[in-house]
Structure formats: C-alpha cells, structure tokens
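One structure is given here, and the rest of the page talks about it.
The values are calculated or read from the model by the stated rules, or taken from the named source; none is laboratory data. The structure presented is a predicted model; accordingly, all values stated were derived computationally and were not measured. Here the Cβ is made from the backbone with ideal geometry for all residues, glycine too, and neighbour counts use every protein chain on show.
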Amino acid sequence: MFPVKRNTQVRCLQCKAVSDVSRSSTDFKLIFSSFALAFFNKLRLLSTFTGSFLMVMFLTFYFSDEQQQHRESKTNITTPKVHDFYYLDYQKSAGEVRPDHKYRVAKIVDITGDTVSLVYGNFFYPQRSTLSTGVSMGHTTRDDYFENRRHNFSYAEIEKLFQQGFIYRVIRPELSYIGKNMSAYMIDGNVVSKLEIVEQKWLFVPGKRENTEAMAFLKATYIEDRFDKAFILLKRSAKLGYAPGQTHLAELYLTGIEGHKDIDSAVYWLFEAAKQGYQPAIEKYRVICQLEEQCQIEDFYQALKESGASFTIY
C-alpha cells in the first residue's frame, strides 16, 4: 500500500544478464515524492466530494425524519384520541388563502362514538417551521388560542383530510407531571396545554369512586375482561347520579357493548348528565343530535332550561 522501497534492474535482451543499479539519494526522493503525490491526490478527491457527501447525509436524515413523522401521523389519524394536535395546511383546501394564512393548529377536544370534535386555533402561520416554533414556545397554552366553536368530523372524513394533505401532521402530546401536584400535556418536552392540579382534596360524592375505578380498568389493556368490569362499575356510578359516570357509560354504549351499539341508552344517560349542567355530556348530546334526523336540538335546550341546568352553547 505504501511505496517504501524501490529497486532498479538492467536486463540485457540478448544475453539475458541482469544487474542491479545502486540506489542513490535521488531514488529516495522519487519514492517519497510519489507517496506525497498519491496522498495529496486522495485529499484533493476527498475535498472535492466532501460537500456532496455532507449534502447526501443531510438529505438522508431529513427524509428519514419526514418518513418517521408521516408514519406516526398515519397511526395517530386512524386511532384518534382527545388532546391530539393536528397541523393543517390551508394551501391544500379549496378557496383563496392569504399570504400569511397558510398553516394552523387544531386539537381534538372530544370523541363521541365515531365522531371527532375539533377546535381550531385563532392564529395562522406563514410557514410550517413557524407553526412548530409557535407550538414549542407555548402559544397553545393561552386562553384565547383556540376557538370555542367545535367542528365535527367522522373517522372517514378525518382520514380523507389526511390523505389530501390538509392535515399534514398529527402529534399525540404526552401527559407529564410538573412539580408535586401539577400536570400538563407536552410535545418534545414543551408544555402545550394549561397546567392542571393533579391532587385535589377528596370529597365524597356518590358514584365518584365507581367512576374512578372504571376508568382505571379501561386503561388496563392487559386485563381481558376490562370492558365488562368497567361497564358494571359505570352502571353503578350512573345510577348513583354521578354525571361523569353517566357520560362515560354513554360512551361505552356508543362504542358498542358485546358487539353492538345502543344509541337509545347512550342518549338517555347523556341527557341525565346534561340536566345536571355537565358540559361534556351536553356537547356529546349535541353531536348525536346532529346525526339523528328526528332529534330537535331546540327541544333539548328547552328541557335543560326547565330542569334548571346551567349550560353554555358555543
């Protein structure tokens, strides 16, 4: 690999005699000059292609990261959960778009059966990078960031928007605990939701314990009959008049118990919770009412007023 030695011989073509030529200082100079020339030629070749090599490495990393984000978004879009963040590209939507109104954030605030409820952010961003930067800087933690109005979509409609590129990224924030008794949702270590108190003073409320146990069972994916146990506990909670328990029981009826849905039972328990002024139940009832032709939402509001419930209509 390295020219450390050179021998010079003279051969006679007629007599076939061979004789060595004595080495001199010139030979050593030739050896090392050849080595230096070969070495610097390799360095010149390396320097010529260094920029191209670095560019290829950068593009490989960039596109592999993009592919990873797309795979995560595709998984999250097929299994939506409350608090998921949707990054929207309004250039993929119909109609004219202002130069600075290109990108926007939406968040899932509720899932009722097969219907996903989104709220849109009040702010637009000119570039994708500025949107990501805004989220990481805590824009979404402001009280006035998201609209109050909800927009309802079916699972199929959400997936279609993702395929069209209108929803170009779906991020699932992680619930993290901050300090002793505070929690918040985070994306890449940045807080994206309001801080909430984790540990509150426990007050006995009929049905509250059963609801808490039922929700724990629903999260325990390693328990085979977790839905059956949760259903029994939520039914107790609902009969005791606990509004969150009634709402969660209605959710189980909407998603299907023992292979079939029971819309009538779901509507009944949502109405019972709504009469107590429980806003999540009111919002879920409104979603179901929009899907049912025979449902008159004004009759629902009137029944709430007659029951003395305090509620808000967005």
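With respect to residue 193, is the statement that it is farther than 30 Å from residue 263 by Cβ, of a type in the set (Ser, Thr, Tyr) and touching a Phe, Trp or Tyr at 6+ places or on another chain (Cβ under 8 Å) true?
yes
Listed here are the residues, each with its yes/no results for (1) surrounded by fewer than 22 Cβ atoms within 10 Å (Cβ to Cβ); (2) without any contact (Cβ under 8 Å) to a residue 24 or more places away in the chain.
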residue	(1), (2)
198	yes, yes
216	yes, yes
225	yes, yes
229	yes, yes
238	no, no
243	no, no
247	no, no
253	no, yes
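Within the set of pairs 6 or more residues apart or between chains, which connect a residue that is more than 16 Å from residue 172 (Cβ to Cβ) inside the range 72-95 to a residue that is assigned to a helix (DSSP H, G or I) with Cβ atoms less than 8 Å apart?
Listed pairs, sorted by first residue: 89/128; 92/164.
Can you find a residue that is over 28 Å from the mean Cα position of the chain (by Cα) and either free of Cβ contacts under 8 Å to residues at least 12 places away in the same chain or surrounded by fewer than 14 Cβ atoms within 10 Å (Cβ to Cβ) (or both) anywhere in the range 280-289?
Yes - at least one qualifying residue is present in the range 280-289.
Which condition number does residue 313 fail, the rest of (1) free of Cβ contacts under 8 Å to residues at least 40 places away in the same chain; (2) hydrophobic (A, V, I, L, M, F, W, C); (3) assigned by TED's automatic domain parsing to the domain that holds residue 209 being met?
It is condition (3) that residue 313 fails.
Name the residue that is nearest to the chain's Cα centre (by Cα), counting only residues in the range 190-247 that are over 27 Å from residue 287 (Cβ atoms) and among the aromatic types (Phe, Trp, Tyr).
Ranking the candidates gives 222 first.
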